[in-house]
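Visitor: Take this structure first; my questions come after.
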Amino acid sequence: MELKDGNDLIGEIDLYDFDSSTGNCEVSYSIGYDWWNKGYGTEALKAVVEFAFIHMNVHKLSAAHNTDNPASGRIMGKAGMKQEGVIRHMIRNAKDQYKDCAVYGLLREEYLLQRGGNV
């Protein structure tokens, strides 16, 4: 992710683990601290969600965030994703601590209904 002026790299966002048998994939993102709480994460995730469902014809998009970072869950919610559960000790951080993660998902049919389109 970079600012529209193209001068500042502020983070990254990726679609990955595309499963051609189910049409499902995952999204992850990371934003530099200086750009938190400015709407950049929401803008980027909404754009990638649209790309996944409209251009890639993804069936389901999933994401997860460390439960210590509820702001990331708010970004997912603003992009239309719904929390599906919490996986205990899903990751181990740089401090060698296990952390729980909230898992979010969005189905293509839900996305299209949110946009006011036909399923």
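The values are calculated or read from the model by the stated rules, or taken from the named source; none is laboratory data. These numbers come from a predicted model, not from an experiment. Here Cβ is always computed from backbone atoms with ideal geometry, including for glycine, and neighbour counts include all displayed protein chains. Surface accessibility is based on the protein's heavy atoms, side chains included, excluding ligands, DNA and RNA. Shrake-Rupley method; radii C 1.70, N 1.55, O 1.52, S 1.80 Å.
Visitor: Keeping all protein chains in place, calculate the accessible area per residue for the chain (probe 1.4 angstrom), answer in Å².
Guide: That works out to 64 Å² per residue.
Visitor: Next up: Please give the charge dipole size of the chain, origin at the Cα centre, charges +1 on K and R Cβ atoms and -1 on D and E Cβ atoms. Round to the nearest 20 debye.
Guide: Here the size comes out at about 380 debye.
Visitor: Using Cα-Cα distances under 8 Å and only pairs 6 or more residues apart, what relative contact order does the chain have, in percent?
Guide: Relative contact order comes out at 20 percent.
Visitor: Among Ala44, Gly32, Ser72, whose Cα projects farthest towards the positive end of the dipole of the chain, with charges put on the beta-carbon of Lys, Arg (+1) and Asp, Glu (-1)?
Guide: Of the candidates, Ser72 comes out farthest on the positive side.
Visitor: Grab the other residues whose beta carbon is less than 14 angstrom from that of Asn24, score K and R as +1, D and E as -1, and report the net. Don't skip to the answer; put the middle values down first.
Guide: Working: positive: Lys60, Arg108; negative: Asp17, Asp19, Glu26, Glu84, Glu109, Glu110.
Residues near Asn24 contribute -4 overall.
Visitor: Let me ask something else. Rounded if a/c is under 1.5, else prolate if a/b is larger than b/c, else oblate: which is the stretch 15-57, with a ≥ b ≥ c the root eigenvalues of its Cα gyration tensor?
Guide: oblate
Visitor: Let me ask you something else. Loop-only check: which trypsin sites (Lys or Arg not before Pro) in the stretch 19-68 are DSSP coil with at most 13 other Cβ within 10 angstrom?
Guide: Hits after loop and neighbour filter: Lys38.
Visitor: Determine the calculated [θ] at 222 nm for the chain from helices alone, applying -39500 (n - 2.57) to every DSSP H run no shorter than 4 residues and normalising by the residue count; nearest 500 deg cm²/dmol. Walk me through the intermediate numbers first.
Guide: Values: 3 runs with 27 residues, N = 119.
That calculation yields -6500 deg cm²/dmol at 222 nm.
Visitor: What would the Debye equation give as log₁₀ I(q)/I(0) for the chain at q = 0.11, 0.15, 0.16, 0.19 Å⁻¹, counting only Cα atoms as equal point scatterers?
Guide: -0.38, -0.71, -0.80, -1.08
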